[in-house]
Amino acid sequence: MTNKTEKSDSPQKTSGMTLCVFCGASPGKDPKHMALAEKLGIGIALGGHKLVYGGGGLGLMGAVARSAHKGGAHVTGVMPNFLREAEKTVAGIEHEFVETMHERKISMFDRADAFIVLPGGIGTLEEAVEILSWLRLNLHVKPVIFLSDTGYWETLLATFHHVVDSGFAAKSTRDDLLSASSVEEAFAIAQSEIAQPRKREPLKLKDDKEELKKRV
């Protein structure tokens, strides 16, 4: 495996949190999504935080990266080589180029203190759900925050709650379903969760043998 890194070309602020942002490589139909991505990037810079993201220059990915970089934040994009032409890159931003999607996620995970999930498609969902699954397996305690000011994530969050209601996830899963409707609220949640990580329950799968006996 060969990783290639391209360095940033501007002075950057280095204090605060390192926030990994998952989001779409397209702008979506509602212009509010792009506006929120830009606001998030500006907030990251103003707060003295760092941004790590999927490395693309299109859609919400490009919007959050450009606004954070323009504001002086340290921005790192992590991109598989095979996506360099399709997703483009933002000039002047530090990039790490890897070979696989899994390597991309591992690199972003290792760098991050918390995850913010902006509106996006299947790729965004896959990234967010995998990090959530690692959280449920007690592999980390980093918060995952779904951010939208249009209610974009309400249906997905309702689905997660339905999974809990249906007995396919522990009730404590609800505590990990963090959401925010503003950049400021997302930052506040992230800072609180980082300062005081939630106590994780020991892994335990329910044994339903006795319940099954009652039904037979």
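Could you order peptides 48-57, 170-179, 156-165, 127-136 by the average number of other Cβ atoms within 10 Å of their residues, highest first?
Per-residue mean Cβ counts within 10 Å order the peptides as 48-57, 127-136, 170-179, 156-165.
With labels modelled as points extended 7 Å from the Cα through the Cβ direction, what inter-label distance (nm, one decimal) is found for Lys199 paired with Thr173?
2.3 nm
With labels modelled as points extended 7 Å from the Cα through the Cβ direction, what inter-label distance (nm, one decimal) is found for Ser182 paired with Val164?
Output for this residue pair reads 2.5 nm.
Let me spell out the model: positive unit charges on the Cβ of Lys and Arg, negative unit charges on the Cβ of Asp and Glu, origin at the Cα centre of the chain. What dipole size does that give, in debye rounded to 20?
320 debye
Of Ala195, Thr18, Leu46, which is farthest on the positive side of the dipole of the chain, counting Cα position, with +1 on Lys and Arg Cβ, -1 on Asp and Glu Cβ, and the Cα centre as origin?
Ala195
Principal axis lengths of the chain from Cα atoms, whole Å, largest first?
Sorted from largest, the Cα extents of the chain read 67, 39, 35 Å.
Take peptides 58-71, 21-34, 185-198 and line them up by average Cβ neighbours within 10 Å, highest first, as a rough protection proxy.
The packing order, highest mean first, is 58-71, 21-34, 185-198.
Which entries in the list Lys88/Lys171; Lys88/Lys199; Lys50/Lys204; Lys105/Lys171; Lys39/Lys204 go over 30 Å, if you measure between the two C-alpha atoms of each?
Pairs exceeding 30 Å: Lys88/Lys171; Lys88/Lys199; Lys50/Lys204; Lys39/Lys204.
Tell me, in nm to one decimal, what length is gained between Met101 and Leu125 on full extension, where the rule is 0.36 nm per residue of separation less the Cα-Cα distance?
Extra length from Met101 to Leu125 when fully extended: 7.3 nm.
Once Lys and Arg get +1 and Asp and Glu get -1 on their Cβ, which of Gly77, Trp153, Gly59 lies farthest toward the positive end of the dipole of the chain?
Farthest along the dipole direction, towards plus: Trp153.
Please compute the length gained on full extension between Glu154 and Lys29, using 0.36 nm multiplied by the number of residues separating them and subtracting their Cα-Cα distance.
43.3 nm
Bear in mind that the values in this text are calculations on the coordinates, not laboratory data. Note that the structure is a prediction, hence the values are computed from the model and not measured. We place every Cβ from the backbone using ideal geometry, glycine too, and count neighbours over all the protein chains shown.
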